[in-house]
Amino acid sequence: MDEIIIDAWNLEDIDAVFAEIIEKYGQDMLQLTFSYVNNKALAEDLTQDIFVKCYKSLHTYKQNSSLKTWLWRIAINHCKDYLKSWYNKNVVEMQNEGSLTSNGEMVEDVIIQREEEERLVSFVMKLPVKYREVIYLYYFEELTIKEISLIIHVNENTIKTRMKKAKALLKKEWRD
């Protein structure tokens, strides 16, 4: 599929092809970005910035890896750059928290499940970035250890070690 998009990029309307890329990877990119910044509005802004960056540099894509891997590499680097930026360290933004809603079926179970999911997400978000990114890519994006290794440019054994350490930290936090 990625090769078809890139071939079409060379032959067709650039905007239409890029719209297809956004349609295919947009939600996943937003989730990846959110896993770094833990703020929906900021994740949306960064995702938009990432797609602009990808649009401007798509001509540099060499097809050494899948298009998704290339996009994820750009996204991860952009998120890390943001986290290291002056703006992130010195500007405090107001967050508007939403409320829980339900369709009425087993409200207690839905609320309990959401609370547990939110608790787990908050634990994951408290992890240092090097552990958080492997947990997110492995469990939420369902990437293999090898794919994660290619995306974040780290040895596969290092990925496995980080996964083990992250799981231990999460288990310890969950018990406390």
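The values are calculated or read from the model by the stated rules, or taken from the named source; none is laboratory data. Note that this is a predicted model, so its numbers are computed, not measured. Neighbour counts are summed over all protein chains in view; Cβ atoms, including those assigned to glycine, are modelled from backbone coordinates with ideal geometry.
For segment 147-159, the count of residues that are closer than 22 Å to residue 30 by Cα, surrounded by 15 or more Cβ atoms within 10 Å (Cβ to Cβ) and among the charged types (D, E, K, R) is nonzero. Can residue 32 be described as outside the structural domain of residue 122 (by TED's automatic domain parsing), within 29 Å of residue 127 (Cβ to Cβ), in contact with a Cys (Cβ under 7 Å, 6 or more places away or on another chain) and assigned to a helix (DSSP H, G or I)? In short, no.
Being farther than 20 Å from residue 15 by Cα, in a helix (DSSP H, G or I) and outside the structural domain of residue 132 (by TED's automatic domain parsing), is that true of even one residue in segment 51-70? So far as segment 51-70 goes, yes, one or more of its residues are farther than 20 Å from residue 15 by Cα, in a helix (DSSP H, G or I) and outside the structural domain of residue 132 (by TED's automatic domain parsing). Under the condition of being at pLDDT 80 or above and under 18 Å from the mean Cα position of the chain (by Cα), the residues counted in segment 72-116 number 13. The single residue among 60, 47, 69 that is under 24 Å from residue 135 (Cα atoms), among the polar types (S, T, N, Q) and at pLDDT below 90 turns out to be 69. Scanning segment 120-146 for residues that are buried (at least 19 other Cβ atoms within 10 Å of the Cβ) and among the β-branched types (Val, Ile, Thr) returns 124, 134, 135.
Matching residues to (1) in contact with a Ser or Thr (Cβ under 6 Å, 6 or more places away or on another chain); (2) loosely packed, with under 14 Cβ neighbours inside 10 Å; (3) among the small types (Gly, Ala, Ser); (4) more than 17 Å from residue 140 (Cα to Cα):
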| residue | (1), (2), (3), (4) |
| --- | --- |
| 31 | no, no, no, no |
| 38 | no, no, no, no |
| 41 | no, yes, yes, yes |
| 64 | no, yes, no, yes |
| 68 | no, no, no, no |
| 74 | no, no, no, yes |
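If the Cβ limit is 7 Å and pairs must be 6+ apart or interchain, which residue in segment 161-176 that is in contact (Cβ under 8 Å) with a residue 24 or more places away in the chain and aromatic (Phe, Trp, Tyr) pairs with which residue that is part of a helix (DSSP H, G or I) and surrounded by 15 or more Cβ atoms within 10 Å (Cβ to Cβ)? Listed by first residue and then by second, the contacts come to 174/123.
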